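Undergrad: My questions will all concern the structure given below.
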There are 4 protein chains.
Amino acid sequence: MVRFGILGAGRIGKVHAGTIANSSRASVAYVADAIPDAAAALAASVGAQVASIDQILASDVEAILIATPTDTHADLIEQAARAGKAILCEKPVSLSVERIEACLPVVKQAGVPLMIGFNRRFDPNFAAVQQRIKGGEIGEVEIVTIISRDPAPPPVSYIERSGGLYRDMMIHDFDMARFLVGEDFVSVHALGSALVDKAIGAAGDVDTAAVQMQTASGKIAVITNSRRATYGYDQRVEVHGSKGMLRAGNVHMTTLERADGAGFTQDVIQNFFIDRYVAAYAAEVNSFIDAMTKGVTPTPSGYDGLQAQKLAEAATRSSQTGQAVRVE
Amino acid sequence: MVRFGILGAGRIGKVHAGTIANSSRASVAYVADAIPDAAAALAASVGAQVASIDQILASDVEAILIATPTDTHADLIEQAARAGKAILCEKPVSLSVERIEACLPVVKQAGVPLMIGFNRRFDPNFAAVQQRIKGGEIGEVEIVTIISRDPAPPPVSYIERSGGLYRDMMIHDFDMARFLVGEDFVSVHALGSALVDKAIGAAGDVDTAAVQMQTASGKIAVITNSRRATYGYDQRVEVHGSKGMLRAGNVHMTTLERADGAGFTQDVIQNFFIDRYVAAYAAEVNSFIDAMTKGVTPTPSGYDGLQAQKLAEAATRSSQTGQAVRVE
Amino acid sequence: MVRFGILGAGRIGKVHAGTIANSSRASVAYVADAIPDAAAALAASVGAQVASIDQILASDVEAILIATPTDTHADLIEQAARAGKAILCEKPVSLSVERIEACLPVVKQAGVPLMIGFNRRFDPNFAAVQQRIKGGEIGEVEIVTIISRDPAPPPVSYIERSGGLYRDMMIHDFDMARFLVGEDFVSVHALGSALVDKAIGAAGDVDTAAVQMQTASGKIAVITNSRRATYGYDQRVEVHGSKGMLRAGNVHMTTLERADGAGFTQDVIQNFFIDRYVAAYAAEVNSFIDAMTKGVTPTPSGYDGLQAQKLAEAATRSSQTGQAVRVE
Amino acid sequence: MVRFGILGAGRIGKVHAGTIANSSRASVAYVADAIPDAAAALAASVGAQVASIDQILASDVEAILIATPTDTHADLIEQAARAGKAILCEKPVSLSVERIEACLPVVKQAGVPLMIGFNRRFDPNFAAVQQRIKGGEIGEVEIVTIISRDPAPPPVSYIERSGGLYRDMMIHDFDMARFLVGEDFVSVHALGSALVDKAIGAAGDVDTAAVQMQTASGKIAVITNSRRATYGYDQRVEVHGSKGMLRAGNVHMTTLERADGAGFTQDVIQNFFIDRYVAAYAAEVNSFIDAMTKGVTPTPSGYDGLQAQKLAEAATRSSQTGQAVRVE
């Protein structure tokens, strides 16, 4: 039985706490949140106690789930590591590559497991693509194409604190590209535009972007993002290999199709990220519990978190300078 | 808070008890089963007590969920009705139309709600088809086509006690046809063959069958069944109307597609009925709880259970005689 | 070089004459039509001469293509057979089974090849289904499902002379069912309604119909027809076998798909039978030329024409009486 | 009646001559080819005469179709222009931007129509996408995604004379991107690898490539190419706009689908460019005849040919230097 302390009782904290509470191998012992009512409500619903972060770190829980605001992640990882806790931290570790590079050695020295919450790796569709690639079904990977589009842009106030599209939104796709290619990328070129909302451009960010990357062995990944898609939360990957092609598409709300004079219309797709990735969030937490139970190292690791952040930083720079950027 | 007594701790009883236990508006108070260990295990997992059927009917629970073997359903419905309980009974009420016709007046006299567990009405895909029909999206319904194929035939020992394919398997499709057409059928013609397993034929049953039915207003439904499909649990409906066509297809395990020299291959479909209809089972129980909470009459009703059984009986007779059968 | 005389310069006569004229192995020598201008126009476009039917039958052409009105087919087949010509005759041979039974012995005695123009057997999609069945890809055929819907009903004046839906429209599907099942059917049950146009019902015909048929070995075919589909000319077949399932669907105008708030909409399907079956008509004529060139017997044969007509007649009777009909 | 002289009786020359010969508004008067037998065979099949290029240019034909090797195109365009002929020239005008820039003024001075044979603009699927974009169906274009993969790489001997992947293969996609976006691109970044065949790398070329481009207004296009796809000739476009998304996919050989334990498999796609684009080639030539008949300017124009070549040159340079290239 793995006992967790949950730091952060917001949207994602709740999703993860629910998964832990439903697991026969884990339980939530404590919940902490800056908003006392939020902590109390979540604690009540999963049979846990409210506590401060310090109390939780000083308690006997084996695992800490970090679902607090991004700018606290690195500090909390270090504190939890020093307290000897296994850590599952929501992505990203930090918007700053330097901060991640400072943080990871602390974890290493403490010898505790650290998993970064790149939930999309656990989506059953994308996970199946990766497993089949590993099984050799399409031979050598040559081109990875990732399309991610959000239903609607966040408010500009959010954009301003987000670190920009590449760090805030495309970070998921950088990790997915690494997950599917199975190698690190050495060059990044990014193009960005503010086409959806001019205010996003005025805030110094982009809302429409393309990135292409290459590994040392020549494998190529192409990512496009938009902050708005009128048809829902568009999440697709395609992998072209030497022996075939694999792709995983969107999840429609139902299998319903209507035919009439306008053509043949399939139902709309999932439109909200928590609905779209509900199975992924659960599988992610269960994978962490699994790793702890079996004593194996969980993935995605801190290194994966660092590499995704490096790609986001390179893309941000490339988008600003117009030139390709090398990643060492 | 609706308190339930669960009669039957088998496969379906467990699914339903889980839904009730997870509901914020309902709870499981008691579980009864002929196998004490089964009752105890289920009771423990949902925080309920083990009790006998008599004890449960004498208790203060408001609702009884009947998930016992088919041949006990009608008796239990009558007992529960006389005890003044709201009843959710797994399909079918009975393999005998006469028995159902004797049972329903008892329920009526007791004035208790009775819902029959035709789970497929609550499948999100099929429910959406029916809602759009009701919304007028395809005008008048003209032809309903239902295809149901099981992954593999049950053992002959099961077949022998099953009442035959029309009562055991196609019963779901009779209800679905009525649900989609919105009218009763007045004529039934059935064709059956034992093509999958000659032992099924030797046992006097068929494993491959087609039925066509017509309503008084001329609407047509066509159903085909097979006890075996190499590609999984095939569950499809299509409704052709005066203004368009609606269909709902199978649920693939993932959205994964592979392309190679053999073509473009989509992932396999759900292969087990409980997985395929997991959302439907939950929605069914929630619909019953909803009806109880709001004081409205739940559907599908006992009348729906009776009509489906009449169609199954007519089809059985038609299949045996080779002639069409009128249903009054 | 196979030289043809074309009897009938209407819509289908023109399509076939064009195919013959474009073939490197065949040519059109003569064209006959009751309307001199039609004959002249078609003859000019394919480099042929206008002639009377008698002149053509007395000429040295090897092959006669009969594309005249249905009620002349049987007489012309007999005349052409007696003149020693190979015959490609549009379906049906006759609306009367008796007339076909009288006609076929004349052909047999003359020892000339006779092919009936069931064009759908030559559709690349349906032909591929049948070839794969023959190749054993899905094992034994168990259930054939055929859906045919016309875009819009013909005028009632046409309906009145048509022989009724089963002889006029479903005749194609009877042949397709035999083509895919590879056996003759021994029982037929039909249900028909006039739901599209009450005037069709008033004329004694139906516009919406379902037929189910069984072979002596127990294989089942289910056919549904409608005289109207708002979404185009709906032409589908599905074959369920012991090792898998094969289906062939509609042909969309383009591969275009649009996604927006209404869902994902594929382009409309072919809406006119000559466009939908353009490849089939050409393949049909080329198959006949092929058979002649190689000295093999063309199919579908006169027997195929007879059997389809018997099924149409049985279905008509079943629809009128409400009872299943045996076909000997 | 537009009379054509055909220069080049190779694969494409034959396709185009066939279209012209079948047109009621055009005819082939002369055919020239360096191989006398090729010219004679084609001339015979379309009812034309064999002649030398000089004879054809001196004749009274109104139009010249240039389907000779690429390195002769620019010279022949100039000669035909000076002879006052309307010109339909296969892509590309030249592998050299400078040569095109020298050629176009000659055409302009002669005042003759010049159309460049970018056949994919005339594919019914892609043409429909562009027409719907022009009709405003998806609002403003934001991201264009083009995927082109050949079934198998050409021999290295061809590669060596081809000008490289960007000029030889991706040239089509550069034109398609301009066609769909409706603006010129100002920046180009290309990544290339030799993953399919190391010999292609040794010859200084790539066989796997990605390009991303941006217009002055910020619209983005992403193109990926591979010289090999095990599943056929992969040709797709997708356009994401402010009001929706449009895409056009591959053309499957048939609509056949098989279901079995491996999943649901659609038939393979067209595997040869002439089969895949048969309708496009015909529509292209008919569009040219149309423009001539109506006295309007044909497109794609010489300017379109020049711009595609500039993008190919920029991509080649970018791929070699690793840096983005501005296109003025």
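Undergrad: Please find the FRET efficiency linking D:V327 to D:A102, where r is the Cβ-Cβ separation and R0 is fixed at 25 Å, and quote it to the nearest 0.05. It would help to have the intermediate numbers written out before the result.
TA: Details: r = 19 Å, r/R0 = 0.75.
Efficiency, rounded to the nearest 0.05: 0.85.
Undergrad: Still on this model: Report the Cα-based extents of the protein assembly as shown along its three principal axes, largest first, to the nearest Å.
TA: Reported extents, whole Å, longest axis first: 97, 81, 44.
Undergrad: Further question on the same structure: Count the DSSP beta bridges whose two residues both fall in chain D, then state the antiparallel fraction as a percent rounded to the nearest 5.
TA: On the way: 34 of 61 bridges.
That works out to approximately 55 percent antiparallel.
Undergrad: What ranking do A:14-21, D:98-105, B:231-238 get when scored by the average of other Cβ atoms within 10 Å per residue, highest first?
TA: Numbers: A:14-21: 21.1, D:98-105: 17.0, B:231-238: 23.1.
Per-residue mean Cβ counts within 10 Å order the peptides as B:231-238, A:14-21, D:98-105.
Undergrad: Would you grab the residues whose amide H sits under 5 Å from the one on B:I269? Only those 5+ places off in sequence or on another chain, please, with H modelled 1.01 Å from N.
TA: It is B:M253, by chain and number.
Undergrad: As a check on your reading of the symmetry: which chain B residue has its Cβ nearest the axis that brings B onto C, and how far is it in Å?
TA: B:H189, 2
Undergrad: Moving to a separate point now. Mind scanning A:K134/A:K198; B:K310/C:K134; D:K198/D:K310 and naming the pairs with a C-alpha gap bigger than 32 Å?
TA: In this structure, A:K134/A:K198; B:K310/C:K134 exceed 32 Å between Cα atoms.
Undergrad: May I pose another question? Shortest first and in nm to one decimal, what separations exist between C:G295 and its copies in the other chains, measuring from label points 7 Å along the Cα-to-beta-carbon line?
TA: Computed spacing set for this position: 6.2, 8.3, 9.1 nm.
Undergrad: Using only the Cα atoms, work out Rg/Rh for segment A:2-112, with Rh taken as the Kirkwood radius, to two decimals. Mind showing how you got there, number by number?
TA: On the way: Rg = 13.2 Å, Rh = 13.7 Å.
Answer for segment A:2-112: 0.96.
Undergrad: Tell me, what HN-Hα J-couplings in whole Hz come from the Karplus equation 6.51 cos²θ - 1.76 cosθ + 1.60 at θ = phi - 60° for each residue of segment D:237-252, using x for Gly and Pro?
TA: In residue order, the calculated couplings are 10, 9, 10, 9, x, 5, 10, x, 10, 10, 9, 9, x, 6, 9, 6 Hz.
Undergrad: May I pose another question? Find how many whole Å separate the alpha carbon centroid of segment C:1-54 from the alpha carbon centroid of segment A:178-232.
TA: Each part reduced to its Cα centre gives a spacing of 61 Å.
Undergrad: If packing is taken as the average number of other Cβ atoms within 10 Å across a peptide's residues, how do A:165-176, A:67-78 rank, most packed first? Don't jump to the answer; show the numbers that get you there.
TA: Working: A:165-176: 25.3, A:67-78: 19.4.
Most protected by this proxy first, the peptides run A:165-176, A:67-78.
Undergrad: Within a Cβ distance under 12 Å of B:E98, other residues only, what is the Lys/Arg minus Asp/Glu net charge?
TA: Numbers: positive: B:R99, B:K310; negative: B:E101, B:E313.
Residues near B:E98 contribute 0 overall.
Undergrad: When the helices in chain D are scored as -39500 (n - 2.57) per DSSP H run of 4 or longer and the sum is shared across all residues, what 222 nm value do you end up with, to the nearest 500 deg cm²/dmol?
TA: When only DSSP H runs of four or more count, the value is -12000 deg cm²/dmol.
Undergrad: When DSSP assigns beta bridges and you keep just the ones with both residues in the protein assembly as shown, what percent turn out antiparallel, to the nearest 5? Intermediate values should be presented prior to the final figure.
TA: On the way: 158 of 266 bridges.
Roughly 60 percent of the DSSP beta bridges within the protein assembly as shown come out antiparallel.
Undergrad: Another question about this same structure. Looking at chain C as a GNM with Cα springs under 10 Å, which of C:V112, C:V268, C:V188 has the largest mean-square fluctuation?
TA: Of C:V112, C:V268, C:V188, the Gaussian network model singles out C:V268 as fluctuating most.
Undergrad: Taking beta carbons within 10 Å but only from partner chains, what does the mean come to for residues C:202-209?
TA: Values: counts 0, 0, 0, 0, 2, 2, 7, 3.
Mean shielding count: 2.
Undergrad: Across peptide C:188-197, what mean number of C-beta atoms from other chains lies inside 10 Å of a residue's C-beta?
TA: Values: counts 0, 9, 2, 11, 3, 8, 1, 11, 3, 0.
For this peptide, the per-residue mean of nearby foreign Cβ atoms is 5.
Undergrad: Starting from the Cα of C:K108, draw a straight line to each of the lysines and keep only those under 16 Å, dropping any in the same chain fewer than 8 residues away.
TA: Cross-link targets: C:K85.
Undergrad: Cβ under 14 Å from A:L165's Cβ, A:L165 left aside: what net charge do those residues give with Lys, Arg +1 and Asp, Glu -1?
TA: Numbers: positive: A:R149, A:R161, A:R167, A:R227, A:R228, A:R317; negative: A:D150, A:E160, A:D168, A:D173, A:D197, A:D205, A:D207, A:E313, D:E142.
Around A:L165, the charge tally is -3.
Undergrad: At what distance in angstrom do the alpha carbon centres of segment B:66-140 and segment A:85-162 lie from each other?
TA: Centre-to-centre distance over Cα atoms comes out at 48 Å.
Undergrad: Along segment D:283-298, what does the Karplus equation 6.51 cos²θ - 1.76 cosθ + 1.60 (θ = phi - 60°) give for ³J(HN,Hα), rounded to whole Hz, x for Gly and Pro?
TA: 5, 4, 5, 5, 5, 5, 4, 4, 4, 5, 5, 8, x, 9, 7, x
Undergrad: Between D:A152 and B:K294, what is the spin-label point distance in nm, taking each point 7 Å from the Cα along the Cα→C-beta axis?
TA: In this crude label model, D:A152 to B:K294 measures out at 6.4 nm.
Undergrad: What does the net charge come to around A:T254 if you take all other residues with beta carbon closer than 12 Å to its beta carbon, with K and R at +1 and D and E at -1?
TA: 0
Undergrad: Between copies, how far apart are the C:A152 label points? List them in nm, one decimal, shortest first, with each point 7 Å from Cα toward Cβ, please?
TA: Distances between equivalent label points, in nm: 4.1, 4.9, 5.3.
Undergrad: What is the distance in Å between the Cα centroid of segment D:277-328 and that of segment C:274-301?
TA: 41
Undergrad: May I pose another question? Convert each backbone phi in segment D:198-204 into a coupling constant with the Karplus relation 6.51 cos²θ - 1.76 cosθ + 1.60 (shift: θ = phi - 60°), then list the ³J(HN,Hα) values in order as whole Hz, x for Gly and Pro.
TA: Values, residue by residue: 4, 5, 5, x, 4, 7, x Hz.
Undergrad: Can you give the average number of partner chain beta-carbon atoms within 10 Å of each beta-carbon in peptide C:298-305, as a whole number? Show your work: numbers first, answer last.
TA: Numbers: counts 0, 0, 0, 0, 0, 0, 0, 0.
Neighbouring Cβ atoms belonging to other protein chains average 0 per residue here.
Undergrad: Oh, and also: With everything on Cα atoms, drop me the angle between helix A:302-321 and the longest principal axis of chain A, reported from 0 to 90° to the nearest 10.
TA: That works out to roughly 40 degrees.
Undergrad: Now for a separate question. Specify the residue with the greatest mean-square fluctuation among D:F264, D:F185, D:F122, computed from a Gaussian network of chain D linking alpha-carbon atoms under 10 Å apart.
TA: D:F264
Undergrad: Taking 30 Å as R0, compute the FRET efficiency from the Cβ-Cβ separation of A:D75 and A:R3 and round it to 0.05.
TA: 0.85
Undergrad: Now a separate question. Using only protein heavy atoms and a 1.4 Å probe, report how much of D:Y303 is accessible, in Å² to the nearest 10.
TA: Counting only protein heavy atoms, D:Y303 exposes about 110 Å² to solvent.
Undergrad: Residues with amide H under 5 Å of B:Q49's amide H, sequence separation 5 or more or different chain, H placed in the peptide plane at 1.01 Å from N; which?
TA: For B:Q49, the qualifying residues are B:Y30, B:V31.
Undergrad: State, to one decimal in nm and shortest first, how far the label point of B:G204 sits from each corresponding label point in the other identical copies (label point: 7 angstrom along Cα-to-Cβ).
TA: Label point to label point, same position, other copies: 4.5, 8.4, 8.6 nm.
Undergrad: Sticking with this structure for a sec: List the residues whose amide H sits under 5 Å from the amide H of D:D184, counting only those 5 or more places along or on another chain, with H placed 1.01 Å from N in the peptide plane.
TA: none
Undergrad: Leaving out ligands and nucleic acids, and using a 1.4 Å probe, what accessible area per residue does the protein assembly as shown come to in Å²? Present the calculation step by step, with values, prior to reporting the outcome.
TA: Working: 46740 Å² over 1312 residues.
Heavy-atom accessible area per residue stands at 36 Å².
Undergrad: Related question: Can you order the peptides C:143-154, B:151-162 by their average number of other Cβ atoms within 10 Å per residue, highest first?
TA: Working: C:143-154: 20.9, B:151-162: 14.4.
With the highest mean Cβ count within 10 Å placed first, the list reads C:143-154, B:151-162.
The values are calculated or read from the model by the stated rules, or taken from the named source; none is laboratory data. These numbers come from a predicted model, not from an experiment. Reconstructed Cβ throughout: ideal geometry from the backbone, glycine too, with neighbour counts over all protein chains shown. Ligands, DNA and RNA are excluded from the accessible area calculation, which covers all protein heavy atoms including side chains. Shrake-Rupley method; radii C 1.70, N 1.55, O 1.52, S 1.80 Å.
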